[in-house]
Amino acid sequence: MNENEDSVELRYKDHVKQLKIIQGTDGNKAVDISNLKQETGFITYDPGYQNTSAYKSGISFVDGEKGILRYRGIPIEELATKSTFVETAYLLIYGNLPEKKELHTFSRHLNEYSLLHEDMVHFFHNIPQHAHPMATLSMMVNGLSIFYKDAFDLEGEFTGKEPLDITIARLISIIRTIAAFSYKKYKGEPFVYPRPDLKYCANFLNMMFSNPVNPYEIADEDVKLLNILLTVHADHEQNCSTSTVKLVGSSRVNLYASICSGICALWGPLHGGANQKVIEMLYNIKRDNLTIKDVLEKAKRKSEPYRLMGVGHRVYKTFDPRAKILKDICATRLTNDRRLDPYFEIALELEHSILKDDYFIERNLYPNVDFYSGLLYRSLGIPTNMFTVMFAIGRIPGWIAQWKEMRDSTSKIGRPRQVYVGNNLDHYVPLDLRGQK
Ligand code: CMC
(Lines give C-alpha, C1' and ligand atoms only; values in the text may rest on other atoms or scores of the structure.)
Protein backbone atom coordinates (compact mmCIF):
# COMPACT_ATOMS: atom_id res chain seq x y z
CA MET A 1 0.00 0.00 0.00
CA ASN A 2 1.29 3.49 -0.87
CA GLU A 3 0.07 6.21 1.36
CA ASN A 4 -0.49 9.70 -0.01
CA GLU A 5 -2.38 12.53 1.60
CA ASP A 6 -5.93 11.30 1.79
CA SER A 7 -5.98 7.78 0.40
CA VAL A 8 -4.02 4.55 0.19
CA GLU A 9 -3.71 2.26 -2.78
CA LEU A 10 -4.60 -1.40 -2.68
CA ARG A 11 -3.01 -3.32 -5.57
CA TYR A 12 -4.16 -6.80 -6.53
CA LYS A 13 -3.35 -8.49 -9.83
CA ASP A 14 -3.62 -5.65 -12.38
CA HIS A 15 -6.15 -3.62 -10.38
CA VAL A 16 -5.48 -0.57 -8.23
CA LYS A 17 -8.07 0.52 -5.73
CA GLN A 18 -7.93 3.85 -3.88
CA LEU A 19 -9.08 3.59 -0.29
CA LYS A 20 -9.98 6.75 1.57
CA ILE A 21 -8.10 7.62 4.76
CA ILE A 22 -10.24 8.83 7.65
CA GLN A 23 -8.38 11.24 9.93
CA GLY A 24 -9.31 11.23 13.61
CA THR A 25 -8.06 13.39 16.48
CA ASP A 26 -4.54 13.08 17.88
CA GLY A 27 -3.04 11.20 14.94
CA ASN A 28 -5.77 8.53 14.79
CA LYS A 29 -6.27 7.34 11.25
CA ALA A 30 -8.16 4.56 9.52
CA VAL A 31 -8.49 3.11 6.05
CA ASP A 32 -12.11 3.12 4.90
CA ILE A 33 -12.88 -0.35 3.55
CA SER A 34 -16.67 -0.09 3.74
CA ASN A 35 -17.10 -0.42 -0.07
CA LEU A 36 -14.33 -2.94 -0.63
CA LYS A 37 -16.64 -5.90 -1.21
CA GLN A 38 -18.83 -4.15 -3.78
CA GLU A 39 -15.85 -2.82 -5.68
CA THR A 40 -13.32 -5.68 -5.45
CA GLY A 41 -15.11 -8.77 -4.15
CA PHE A 42 -12.84 -8.88 -1.09
CA ILE A 43 -13.87 -8.70 2.52
CA THR A 44 -11.32 -8.21 5.31
CA TYR A 45 -10.36 -10.78 7.94
CA ASP A 46 -9.64 -9.55 11.47
CA PRO A 47 -10.23 -12.14 14.26
CA GLY A 48 -11.28 -10.51 17.50
CA TYR A 49 -11.62 -7.12 15.74
CA GLN A 50 -8.01 -6.40 16.65
CA ASN A 51 -7.63 -3.76 13.97
CA THR A 52 -11.16 -2.81 13.01
CA SER A 53 -13.15 0.24 13.99
CA ALA A 54 -16.84 0.09 13.25
CA TYR A 55 -17.57 3.59 14.59
CA LYS A 56 -16.36 7.15 14.70
CA SER A 57 -16.67 8.21 18.33
CA GLY A 58 -15.94 11.36 20.31
CA ILE A 59 -16.34 9.94 23.81
CA SER A 60 -13.13 8.26 25.01
CA PHE A 61 -9.61 8.56 23.72
CA VAL A 62 -7.13 5.76 24.46
CA ASP A 63 -3.47 5.75 23.44
CA GLY A 64 -2.24 2.29 24.33
CA GLU A 65 1.41 3.02 23.64
CA LYS A 66 1.55 6.10 25.86
CA GLY A 67 -0.87 4.87 28.53
CA ILE A 68 -3.38 7.68 27.97
CA LEU A 69 -7.11 7.64 28.70
CA ARG A 70 -9.30 10.73 28.30
CA TYR A 71 -13.05 11.21 28.54
CA ARG A 72 -14.26 13.92 26.17
CA GLY A 73 -10.66 15.17 26.05
CA ILE A 74 -10.13 15.35 29.84
CA PRO A 75 -7.38 13.08 31.29
CA ILE A 76 -8.64 10.29 33.55
CA GLU A 77 -6.19 11.37 36.26
CA GLU A 78 -7.92 14.78 36.53
CA LEU A 79 -11.42 13.34 36.55
CA ALA A 80 -10.52 10.67 39.12
CA THR A 81 -9.10 13.16 41.58
CA LYS A 82 -11.19 16.30 40.95
CA SER A 83 -14.58 15.21 39.65
CA THR A 84 -17.30 12.89 40.94
CA PHE A 85 -18.84 9.86 39.30
CA VAL A 86 -22.13 11.68 38.69
CA GLU A 87 -20.42 14.68 37.08
CA THR A 88 -18.28 12.36 34.94
CA ALA A 89 -21.39 10.42 33.91
CA TYR A 90 -22.95 13.68 32.72
CA LEU A 91 -19.77 14.58 30.83
CA LEU A 92 -19.70 11.26 29.03
CA ILE A 93 -23.38 11.21 28.11
CA TYR A 94 -23.98 14.87 27.25
CA GLY A 95 -20.52 15.78 25.97
CA ASN A 96 -19.59 18.60 28.35
CA LEU A 97 -19.01 19.19 32.05
CA PRO A 98 -22.37 20.26 33.50
CA GLU A 99 -23.16 23.82 34.57
CA LYS A 100 -24.48 24.08 38.14
CA LYS A 101 -28.11 24.02 37.03
CA GLU A 102 -27.56 21.05 34.72
CA LEU A 103 -25.83 19.09 37.47
CA HIS A 104 -28.64 19.95 39.87
CA THR A 105 -31.30 18.66 37.45
CA PHE A 106 -29.31 15.53 36.69
CA SER A 107 -28.82 14.77 40.41
CA ARG A 108 -32.51 15.46 41.08
CA HIS A 109 -33.46 12.96 38.40
CA LEU A 110 -31.07 10.38 39.86
CA ASN A 111 -32.90 10.76 43.17
CA GLU A 112 -36.39 10.79 41.72
CA TYR A 113 -35.89 7.66 39.65
CA SER A 114 -33.87 5.59 42.11
CA LEU A 115 -36.77 3.41 43.29
CA LEU A 116 -37.23 -0.01 41.80
CA HIS A 117 -40.84 -0.78 40.89
CA GLU A 118 -42.25 -2.65 43.92
CA ASP A 119 -43.40 -5.55 41.73
CA MET A 120 -39.78 -5.98 40.68
CA VAL A 121 -38.68 -5.97 44.30
CA HIS A 122 -40.75 -9.15 44.64
CA PHE A 123 -38.53 -10.78 41.99
CA PHE A 124 -35.81 -10.97 44.62
CA HIS A 125 -37.90 -13.30 46.77
CA ASN A 126 -37.65 -16.03 44.14
CA ILE A 127 -33.97 -15.68 43.34
CA PRO A 128 -31.83 -18.32 45.07
CA GLN A 129 -29.82 -16.75 47.87
CA HIS A 130 -26.46 -17.68 46.36
CA ALA A 131 -27.18 -16.66 42.78
CA HIS A 132 -24.25 -14.88 41.17
CA PRO A 133 -24.99 -11.13 41.44
CA MET A 134 -24.13 -10.62 37.74
CA ALA A 135 -26.88 -13.08 36.77
CA THR A 136 -29.31 -11.19 38.98
CA LEU A 137 -28.21 -7.82 37.63
CA SER A 138 -28.57 -8.74 33.96
CA MET A 139 -31.96 -10.34 34.57
CA MET A 140 -33.22 -7.30 36.49
CA VAL A 141 -31.95 -4.75 33.98
CA ASN A 142 -33.65 -6.60 31.14
CA GLY A 143 -36.72 -6.77 33.40
CA LEU A 144 -36.86 -2.97 33.40
CA SER A 145 -38.13 -3.30 29.80
CA ILE A 146 -41.25 -4.94 31.23
CA PHE A 147 -41.99 -2.26 33.80
CA TYR A 148 -40.86 0.95 32.15
CA LYS A 149 -42.11 0.42 28.63
CA ASP A 150 -43.23 4.04 28.22
CA ALA A 151 -39.61 4.67 27.32
CA PHE A 152 -40.05 3.04 23.93
CA ASP A 153 -42.58 1.49 21.62
CA LEU A 154 -42.57 -2.13 20.55
CA GLU A 155 -39.86 -1.52 17.96
CA GLY A 156 -37.61 -0.02 20.60
CA GLU A 157 -37.91 3.55 19.37
CA PHE A 158 -38.32 6.26 21.96
CA THR A 159 -41.89 7.46 21.83
CA GLY A 160 -41.45 10.69 23.72
CA LYS A 161 -43.93 9.48 26.35
CA GLU A 162 -40.95 9.35 28.65
CA PRO A 163 -38.06 11.69 27.80
CA LEU A 164 -34.77 9.90 27.11
CA ASP A 165 -33.09 11.90 29.89
CA ILE A 166 -35.41 10.27 32.41
CA THR A 167 -34.73 6.77 31.10
CA ILE A 168 -30.99 7.48 31.30
CA ALA A 169 -31.22 8.79 34.87
CA ARG A 170 -33.38 5.84 35.91
CA LEU A 171 -30.90 3.35 34.54
CA ILE A 172 -27.87 4.95 36.23
CA SER A 173 -29.74 5.23 39.51
CA ILE A 174 -31.64 1.97 39.59
CA ILE A 175 -28.66 -0.25 38.77
CA ARG A 176 -27.24 0.85 42.11
CA THR A 177 -30.48 -0.04 43.89
CA ILE A 178 -30.59 -3.47 42.21
CA ALA A 179 -26.96 -4.16 43.14
CA ALA A 180 -27.50 -3.24 46.80
CA PHE A 181 -30.74 -5.24 47.01
CA SER A 182 -29.05 -8.33 45.60
CA TYR A 183 -26.44 -8.06 48.36
CA LYS A 184 -29.17 -7.73 50.99
CA LYS A 185 -30.87 -10.78 49.56
CA TYR A 186 -27.59 -12.70 49.81
CA LYS A 187 -27.13 -11.56 53.41
CA GLY A 188 -30.74 -12.33 54.30
CA GLU A 189 -31.22 -8.77 55.55
CA PRO A 190 -34.10 -6.37 54.83
CA PHE A 191 -33.69 -4.10 51.81
CA VAL A 192 -32.54 -0.56 52.53
CA TYR A 193 -34.18 1.96 50.21
CA PRO A 194 -32.35 4.88 48.61
CA ARG A 195 -32.35 8.13 50.60
CA PRO A 196 -32.88 11.46 48.83
CA ASP A 197 -30.55 13.29 51.24
CA LEU A 198 -27.55 11.20 50.20
CA LYS A 199 -25.41 11.59 47.12
CA TYR A 200 -24.92 8.76 44.64
CA CYS A 201 -21.95 6.90 46.19
CA ALA A 202 -22.89 7.55 49.84
CA ASN A 203 -26.39 6.32 49.05
CA PHE A 204 -25.04 3.09 47.60
CA LEU A 205 -22.81 2.41 50.61
CA ASN A 206 -25.75 3.08 52.92
CA MET A 207 -28.05 0.73 50.98
CA MET A 208 -25.37 -1.96 51.12
CA PHE A 209 -24.19 -1.75 54.70
CA SER A 210 -26.81 -0.22 56.97
CA ASN A 211 -29.45 -2.33 58.64
CA PRO A 212 -32.09 -1.65 61.30
CA VAL A 213 -29.92 -2.74 64.23
CA ASN A 214 -26.60 -1.50 62.96
CA PRO A 215 -26.65 2.00 61.54
CA TYR A 216 -23.77 2.46 59.17
CA GLU A 217 -21.47 5.47 59.40
CA ILE A 218 -20.61 6.62 55.91
CA ALA A 219 -16.94 7.60 55.90
CA ASP A 220 -15.97 10.48 53.57
CA GLU A 221 -12.83 8.64 52.47
CA ASP A 222 -14.92 5.62 51.42
CA VAL A 223 -17.26 7.84 49.43
CA LYS A 224 -14.28 9.48 47.76
CA LEU A 225 -12.75 6.10 46.94
CA LEU A 226 -15.98 4.77 45.47
CA ASN A 227 -16.27 7.88 43.30
CA ILE A 228 -12.76 7.24 41.99
CA LEU A 229 -13.39 3.55 41.36
CA LEU A 230 -16.59 4.19 39.42
CA THR A 231 -15.03 7.09 37.51
CA VAL A 232 -12.04 5.10 36.25
CA HIS A 233 -14.42 2.41 34.98
CA ALA A 234 -16.93 4.82 33.41
CA ASP A 235 -15.91 4.35 29.77
CA HIS A 236 -13.25 2.67 27.69
CA GLU A 237 -14.16 3.15 24.05
CA GLN A 238 -15.03 0.05 21.96
CA ASN A 239 -14.25 -2.76 24.41
CA CYS A 240 -16.09 -6.10 24.38
CA SER A 241 -19.13 -5.06 26.45
CA THR A 242 -19.51 -1.64 24.84
CA SER A 243 -19.27 -3.16 21.37
CA THR A 244 -21.91 -5.67 22.48
CA VAL A 245 -24.23 -2.89 23.68
CA LYS A 246 -23.78 -1.19 20.30
CA LEU A 247 -24.15 -4.31 18.20
CA VAL A 248 -27.33 -5.26 20.03
CA GLY A 249 -28.54 -1.64 20.08
CA SER A 250 -27.89 -1.28 16.35
CA SER A 251 -30.90 -3.53 15.76
CA ARG A 252 -32.89 -0.71 17.41
CA VAL A 253 -33.88 -2.75 20.43
CA ASN A 254 -34.55 -0.67 23.55
CA LEU A 255 -31.87 0.75 25.85
CA TYR A 256 -32.53 -1.66 28.74
CA ALA A 257 -32.11 -4.73 26.52
CA SER A 258 -28.96 -3.27 24.96
CA ILE A 259 -27.41 -2.56 28.37
CA CYS A 260 -28.39 -6.04 29.60
CA SER A 261 -26.32 -7.54 26.78
CA GLY A 262 -23.35 -5.39 27.86
CA ILE A 263 -23.67 -6.66 31.43
CA CYS A 264 -23.55 -10.25 30.16
CA ALA A 265 -20.45 -9.54 28.05
CA LEU A 266 -18.75 -7.82 30.97
CA TRP A 267 -19.24 -10.84 33.23
CA GLY A 268 -16.63 -12.96 31.40
CA PRO A 269 -13.25 -13.46 33.13
CA LEU A 270 -11.30 -12.04 30.18
CA HIS A 271 -13.22 -8.77 30.58
CA GLY A 272 -14.80 -7.29 33.74
CA GLY A 273 -15.05 -10.67 35.45
CA ALA A 274 -11.27 -10.53 35.82
CA ASN A 275 -11.55 -8.40 38.98
CA GLN A 276 -13.18 -11.28 40.86
CA LYS A 277 -10.65 -13.74 39.43
CA VAL A 278 -7.69 -11.61 40.57
CA ILE A 279 -8.71 -11.89 44.21
CA GLU A 280 -9.34 -15.62 43.79
CA MET A 281 -5.87 -15.95 42.26
CA LEU A 282 -4.25 -14.05 45.15
CA TYR A 283 -6.28 -16.13 47.61
CA ASN A 284 -5.07 -19.37 46.02
CA ILE A 285 -1.45 -18.21 46.09
CA LYS A 286 -1.75 -17.51 49.81
CA ARG A 287 -3.79 -20.58 50.71
CA ASP A 288 -1.57 -23.04 48.81
CA ASN A 289 1.62 -21.26 49.76
CA LEU A 290 2.62 -20.98 46.09
CA THR A 291 5.79 -19.19 45.09
CA ILE A 292 5.50 -16.30 42.64
CA LYS A 293 8.02 -18.11 40.42
CA ASP A 294 5.73 -21.17 40.21
CA VAL A 295 2.70 -19.02 39.42
CA LEU A 296 4.56 -17.23 36.61
CA GLU A 297 5.80 -20.51 35.17
CA LYS A 298 2.29 -21.92 35.20
CA ALA A 299 0.95 -18.82 33.41
CA LYS A 300 3.63 -19.16 30.73
CA ARG A 301 3.03 -22.85 30.04
CA LYS A 302 0.92 -23.11 26.89
CA SER A 303 -0.25 -26.58 27.87
CA GLU A 304 -2.29 -25.01 30.69
CA PRO A 305 -5.24 -22.65 30.23
CA TYR A 306 -4.05 -20.74 33.33
CA ARG A 307 -3.45 -16.99 32.89
CA LEU A 308 -2.46 -14.30 35.32
CA MET A 309 -5.71 -12.48 35.92
CA GLY A 310 -5.65 -8.70 35.83
CA VAL A 311 -2.63 -8.83 33.53
CA GLY A 312 -2.49 -7.90 29.83
CA HIS A 313 -4.66 -5.69 27.69
CA ARG A 314 -5.66 -5.56 24.05
CA VAL A 315 -4.88 -1.84 23.76
CA TYR A 316 -2.48 -0.81 26.55
CA LYS A 317 1.05 -1.86 25.69
CA THR A 318 3.09 0.11 28.24
CA PHE A 319 0.83 0.61 31.24
CA ASP A 320 -2.84 1.02 32.05
CA PRO A 321 -3.34 4.52 33.54
CA ARG A 322 -6.32 3.27 35.54
CA ALA A 323 -4.18 0.60 37.19
CA LYS A 324 -1.62 3.25 38.12
CA ILE A 325 -4.26 5.43 39.81
CA LEU A 326 -5.63 2.48 41.78
CA LYS A 327 -2.22 1.10 42.72
CA ASP A 328 -1.24 4.47 44.23
CA ILE A 329 -4.42 4.48 46.32
CA CYS A 330 -3.75 0.90 47.47
CA ALA A 331 -0.27 1.99 48.54
CA THR A 332 -1.71 4.52 51.00
CA ARG A 333 -5.01 2.91 51.95
CA LEU A 334 -4.00 -0.72 52.34
CA THR A 335 -0.78 -0.25 54.25
CA ASN A 336 -2.11 1.45 57.35
CA ASP A 337 -2.77 -0.83 60.31
CA ARG A 338 -6.53 -0.57 60.13
CA ARG A 339 -6.72 -1.93 56.58
CA LEU A 340 -3.56 -3.94 56.17
CA ASP A 341 -4.26 -6.39 53.37
CA PRO A 342 -1.91 -9.36 52.88
CA TYR A 343 -3.17 -9.74 49.30
CA PHE A 344 -1.73 -6.34 48.42
CA GLU A 345 1.75 -7.58 49.37
CA ILE A 346 1.30 -10.59 47.10
CA ALA A 347 0.00 -8.41 44.25
CA LEU A 348 3.03 -6.13 44.53
CA GLU A 349 5.39 -9.08 44.51
CA LEU A 350 3.62 -10.51 41.47
CA GLU A 351 3.77 -7.22 39.58
CA HIS A 352 7.44 -6.80 40.45
CA SER A 353 8.24 -10.23 39.00
CA ILE A 354 6.12 -9.73 35.87
CA LEU A 355 7.93 -6.52 35.03
CA LYS A 356 11.28 -8.37 35.07
CA ASP A 357 10.19 -11.50 33.23
CA ASP A 358 11.03 -11.83 29.51
CA TYR A 359 7.77 -13.62 28.67
CA PHE A 360 5.67 -10.71 29.94
CA ILE A 361 8.08 -8.04 28.66
CA GLU A 362 8.12 -9.46 25.11
CA ARG A 363 4.33 -9.59 25.01
CA ASN A 364 3.84 -6.16 26.63
CA LEU A 365 1.82 -7.64 29.48
CA TYR A 366 1.26 -5.31 32.44
CA PRO A 367 -1.24 -5.16 35.30
CA ASN A 368 -4.55 -3.75 34.10
CA VAL A 369 -7.33 -1.94 35.95
CA ASP A 370 -8.66 -5.19 37.41
CA PHE A 371 -5.38 -6.05 39.10
CA TYR A 372 -5.85 -3.50 41.89
CA SER A 373 -9.55 -2.62 41.82
CA GLY A 374 -10.65 -5.74 43.72
CA LEU A 375 -8.30 -4.95 46.59
CA LEU A 376 -9.98 -1.57 46.96
CA TYR A 377 -13.51 -2.97 46.71
CA ARG A 378 -12.50 -5.41 49.44
CA SER A 379 -11.39 -2.53 51.62
CA LEU A 380 -14.88 -1.04 51.25
CA GLY A 381 -16.40 -4.32 52.48
CA ILE A 382 -17.80 -5.32 49.09
CA PRO A 383 -17.87 -9.10 48.67
CA THR A 384 -15.73 -10.68 45.95
CA ASN A 385 -18.61 -11.98 43.84
CA MET A 386 -19.92 -8.40 43.55
CA PHE A 387 -16.76 -6.89 42.08
CA THR A 388 -17.95 -7.23 38.50
CA VAL A 389 -21.28 -5.69 39.49
CA MET A 390 -19.28 -2.67 40.70
CA PHE A 391 -17.55 -2.54 37.32
CA ALA A 392 -20.99 -2.58 35.66
CA ILE A 393 -22.29 0.28 37.84
CA GLY A 394 -19.24 2.28 36.83
CA ARG A 395 -19.53 1.42 33.14
CA ILE A 396 -23.23 2.30 32.82
CA PRO A 397 -22.64 5.95 31.76
CA GLY A 398 -20.14 4.83 29.12
CA TRP A 399 -22.51 2.25 27.69
CA ILE A 400 -25.33 4.80 27.61
CA ALA A 401 -23.11 7.48 26.04
CA GLN A 402 -21.87 5.10 23.35
CA TRP A 403 -25.38 3.80 22.66
CA LYS A 404 -26.74 7.35 22.45
CA GLU A 405 -23.93 8.52 20.17
CA MET A 406 -24.64 5.61 17.85
CA ARG A 407 -28.40 6.18 17.85
CA ASP A 408 -27.95 9.95 17.26
CA SER A 409 -25.85 9.24 14.18
CA THR A 410 -26.87 7.55 10.96
CA SER A 411 -25.54 4.19 12.07
CA LYS A 412 -26.19 0.94 10.27
CA ILE A 413 -27.18 -2.37 11.82
CA GLY A 414 -24.04 -4.23 12.97
CA ARG A 415 -23.46 -7.23 10.77
CA PRO A 416 -19.92 -8.62 10.44
CA ARG A 417 -18.92 -10.84 7.53
CA GLN A 418 -17.29 -14.27 7.65
CA VAL A 419 -14.82 -16.27 5.61
CA TYR A 420 -16.79 -19.47 4.93
CA VAL A 421 -14.60 -22.57 5.29
CA GLY A 422 -17.31 -25.28 5.43
CA ASN A 423 -18.45 -27.94 2.95
CA ASN A 424 -18.92 -27.25 -0.74
CA LEU A 425 -22.40 -27.82 -2.17
CA ASP A 426 -23.78 -31.12 -0.89
CA HIS A 427 -27.27 -32.69 -1.07
CA TYR A 428 -29.82 -34.00 1.36
CA VAL A 429 -29.75 -37.80 1.81
CA PRO A 430 -32.87 -39.48 3.27
CA LEU A 431 -32.27 -41.16 6.65
CA ASP A 432 -32.54 -44.78 5.38
CA LEU A 433 -29.97 -44.18 2.60
CA ARG A 434 -27.34 -42.54 4.84
CA GLY A 435 -24.12 -44.48 5.32
CA GLN A 436 -24.55 -46.23 1.95
CA LYS A 437 -22.43 -43.82 -0.04
N1 CMC B 1 -1.19 -14.37 31.43
C2 CMC B 1 -0.34 -15.08 30.66
N3 CMC B 1 -0.19 -14.90 29.32
C4 CMC B 1 -0.95 -13.95 28.76
C5 CMC B 1 -1.84 -13.17 29.49
C6 CMC B 1 -1.96 -13.40 30.88
N7 CMC B 1 -2.81 -12.69 31.62
N8 CMC B 1 -2.47 -12.30 28.65
C9 CMC B 1 -1.98 -12.54 27.43
N10 CMC B 1 -1.05 -13.54 27.49
C11 CMC B 1 -0.24 -14.04 26.37
C12 CMC B 1 -1.05 -14.97 25.47
O13 CMC B 1 -0.95 -16.31 25.88
C14 CMC B 1 -0.41 -14.70 24.12
O15 CMC B 1 0.82 -15.40 24.11
P16 CMC B 1 1.37 -16.00 22.69
O17 CMC B 1 1.63 -14.80 21.81
O18 CMC B 1 2.59 -16.75 23.06
O19 CMC B 1 0.28 -16.89 22.16
C20 CMC B 1 -0.07 -13.22 24.17
O21 CMC B 1 0.11 -12.90 25.56
C22 CMC B 1 -1.16 -12.31 23.58
O23 CMC B 1 -2.38 -12.60 24.26
P24 CMC B 1 -3.79 -12.54 23.57
O25 CMC B 1 -4.75 -13.36 24.34
O26 CMC B 1 -3.66 -12.85 22.10
O27 CMC B 1 -4.12 -10.99 23.72
P28 CMC B 1 -5.54 -10.31 23.59
O29 CMC B 1 -5.31 -8.90 23.26
O30 CMC B 1 -6.41 -11.10 22.66
O31 CMC B 1 -6.17 -10.47 25.06
C32 CMC B 1 -6.65 -10.07 27.34
C33 CMC B 1 -6.18 -9.47 26.02
C34 CMC B 1 -6.92 -8.95 28.32
C35 CMC B 1 -7.97 -10.86 27.13
C36 CMC B 1 -5.57 -11.03 27.90
O37 CMC B 1 -4.39 -10.29 28.15
C38 CMC B 1 -6.01 -11.77 29.16
O39 CMC B 1 -6.60 -12.84 29.05
N40 CMC B 1 -5.74 -11.20 30.39
C41 CMC B 1 -6.22 -11.79 31.61
C42 CMC B 1 -7.69 -11.41 31.84
C43 CMC B 1 -7.83 -9.96 32.25
O44 CMC B 1 -7.13 -9.47 33.11
N45 CMC B 1 -8.81 -9.28 31.65
C46 CMC B 1 -9.13 -7.89 31.98
C47 CMC B 1 -8.79 -6.94 30.88
S48 CMC B 1 -8.77 -5.21 31.41
C49 CMC B 1 -10.36 -4.83 31.92
C50 CMC B 1 -11.30 -4.78 30.81
O51 CMC B 1 -11.40 -3.77 30.13
O52 CMC B 1 -11.98 -5.79 30.60
## Note on the structure
Projected convex hull area of region 171-294, Cα atoms, direction-averaged, in nm², equals 10.9 nm²
### Query
Quick one: how many Å² of C330 are accessible to a 1.4 Å probe, rounded to 10?
0 Å²
### Query
Helix 100-112 sits at what angle to the longest principal axis of the chain, using alpha carbons and giving 0 to 90 degrees rounded to 10?
80 degrees
## Note on the structure
Mean Cβ-within-10 Å packing, highest first, puts peptides 116-122, 54-60, 22-28 in the order 54-60, 116-122, 22-28
### Summary
Taking protein heavy atoms only, a 1.4 Å probe, and rounding to whole percent, the accessible area of the chain owed to carbon and sulfur comes out at 52 percent
### Task
Quote the accessible area belonging to V86 in square angstrom, nearest 10, computed with a 1.4 Å probe and with ligands, DNA and RNA left uncounted.
20 Å²
#### Entry: the chain: angle of helix 240-249 to the longest principal axis, Cα-based, in degrees nearest 10
70 degrees
## Note on the structure
Dipole check, region 274-379, charges on Cβ (K,R +1; D,E -1), about Cα centroid: among N289, A347, I329 the Cα furthest to the positive pole belongs to I329
### Task
Please give the peptides 373-386, 208-221, 186-199 ranked by average Cβ packing (other Cβ atoms within 10 Å per residue), highest first, as a rough proxy for protection.
373-386, 186-199, 208-221
### Query
Modelled label-to-label distance, E304 and V421, 7 Å Cα→beta-carbon offset: nm?
2.9 nm
### Task
Among G249, L375, G273, flag the residue with its Cα farthest along the positive direction of the charge dipole of region 244-403, charges on Cβ as +1 for Lys/Arg and -1 for Asp/Glu.
G249
### Query
Once you sort the root eigenvalues of the Cα gyration tensor of region 2-53 as a ≥ b ≥ c, which label holds: rounded (a/c under 1.5), prolate (a/b larger than b/c) or oblate (the other case)?
oblate
### Query
Summing -39500 (n - 2.57) over the DSSP H runs of n ≥ 4 in the chain and dividing by its residue number, what mean residue ellipticity at 222 nm do you reach, to the nearest 500 deg cm²/dmol?
-15000 deg cm²/dmol
### Task
Return one number: the angle in degrees, 0 to 90 and rounded to the nearest 10, between the long axis of the Cα atoms of helix 133-147 and the longest principal axis of the Cα atoms of the chain.
80 degrees
## Note on the structure
Probe 1.4 Å, heavy atoms of protein chains only: per residue, the accessible area of the chain in Å² is 53 Å²
## Note on the structure
Taking Lys and Arg as +1 and Asp and Glu as -1, residues besides S258 with C-beta under 12 Å from its C-beta add up to +4
### Task
Would you mind counting up the charge near T25? Only other residues with Cβ under 13 Å from its Cβ, with Lys and Arg at +1 and Asp and Glu at -1.
+1
### Query
Once Lys and Arg get +1 and Asp and Glu get -1 on their Cβ, which of S182, Y359, I33 lies farthest toward the positive end of the dipole of the chain?
Y359
### Query
What do you get when you divide the Cα radius of gyration of region 85-152 by 2.2 N^0.38 Å, with N the number of residues?
1.43
#### Entry: Cα Rg over Rh - the chain, Kirkwood
1.00
### Query
Using mean Cβ contacts within 10 Å as the protection proxy, how do 412-423, 297-308 order, highest first?
297-308, 412-423
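The values are calculated or read from the model by the stated rules, or taken from the named source; none is laboratory data. The structure presented is a predicted model; accordingly, all values stated were derived computationally and were not measured. Because the Cβ atoms are built from the backbone with ideal geometry, glycine has one as well, and the counts that use them run over all protein chains shown. The area values use the complete protein model at the heavy-atom level, side chains included, leaving out ligands, DNA and RNA. Shrake-Rupley method; radii C 1.70, N 1.55, O 1.52, S 1.80 Å.
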